[in-house]
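Below: the structure, in structure tokens.
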Amino acid sequence: MIKKNKNIVLVLGFIFALVICYGLAISKTIIQRLEYDKLKQQQTLFKNAPQQLSLLKEKQVYFDSILKKYQLSGSSIQNNLLKTINIFATENNLKVVSFLEPHITIKDDLTIKTYQFVLEGDFNDINLLIHQLEQKTKFGEVVSLHFEKKKNYKTGKHYLQASILLQSFG
């Protein structure tokens, strides 16, 4: 064989040897290395698991205390709002005339619920209820409050009605 043919056979043999080495050893080594990296990541996650668990328990206690403070139990916000209004109404001689289903609006991945209800009673008592709803219970903010003086023609007496729109986000 001449030198040129020997060099070509040598180069082709070297390339063939590289392909065989890659198929038999190098590809398996790369796969094992990737699996090793995944297992290493899982190990660090499991190593931090007790700390994360204790942090989550602390957050749960904190959030439960907030829910208790603002009188939010496990049921829906609408039920809690109605319950709060009814309790306040019975204590302060107010009458809940209507409580409608919330109007739900979705804007930029934000759900806005607007609750509409009508109360009847004394001006100061209605204002106390509004203050309690906004400041002490954090159900949302009152976006509209409309007072209207009406007359009961059967009895001839006047009474005050308030239409309230309360908006909450979430």
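The values are calculated or read from the model by the stated rules, or taken from the named source; none is laboratory data. Not measured: the values here are computed from a predicted model. Positions of Cβ are backbone-derived with ideal geometry, glycine not excepted, and every protein chain shown enters the neighbour counts.
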For region 88-112 the number of residues that are over 16 Å from Val142 (Cβ atoms) and part of a strand (DSSP E or B) is 9
Output yes when any residue across region 113-121 is of a type in the set (Gly, Ala, Ser), part of a loop (DSSP other than H, G, I, E, B), in contact with a Ser or Thr (Cβ under 7 Å, 6 or more places away or on another chain) and on the phi > 0 side of the Ramachandran plot, and no when none is. no
With the requirement that a residue be surrounded by 10 or more Cβ atoms within 10 Å (Cβ to Cβ) and either aliphatic (A, V, I, L, M) or modelled with pLDDT of 90 or more (or both), what does region 1-12 give you? Ile8, Val9, Leu10, Val11, Leu12
How many residues are within 19 Å of Phe147 (Cβ to Cβ) and surrounded by 13 or more Cβ atoms within 10 Å (Cβ to Cβ) if we restrict to region 73-113? 8
Residue identified as under 30 Å from Asp125 (Cα atoms) and at pLDDT below 90 among Ser27, Ser54, Ser65: Ser65
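Kindly establish whether Gln41 is touching a residue at least 40 places away in the same chain (Cβ under 8 Å) and either under 26 Å from the mean Cα position of the chain (by Cα) or not assigned by TED's automatic domain parsing to the domain that holds Tyr159 (or both).
No: the conditions fail for Gln41.
If the requirement is being farther than 30 Å from Lys113 by Cβ, assigned to a helix (DSSP H, G or I) and among the β-branched types (Val, Ile, Thr), which of these qualifies: Ile66, Ile8, Ile85?
Ile8
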Answer yes if at least one residue in region 146-160 is in contact with a Ser or Thr (Cβ under 7 Å, 6 or more places away or on another chain), in contact (Cβ under 8 Å) with a residue 24 or more places away in the chain and either in the same structural domain as Phe63 (by TED's automatic domain parsing) or among the aliphatic types (A, V, I, L, M) (or both), and no otherwise. no
Tell me yes or no: at least one residue of region 62-71 is in contact with a strand residue (DSSP E or B) (Cβ under 6 Å, 6 or more places away or on another chain), surrounded by 10 or more Cβ atoms within 10 Å (Cβ to Cβ) and of a type in the set (D, E, K, R). no
Considering only residues of region 102-140 that are of a type in the set (S, T, N, Q) and either more than 14 Å from Leu82 (Cα to Cα) or at pLDDT 90 or above (or both), which is farthest from the chain's Cα centre (by Cα)? Asn124
Look at Gln78 and say whether it is outside the structural domain of Ile164 (by TED's automatic domain parsing), in a helix (DSSP H, G or I) and of a type in the set (S, T, N, Q). no
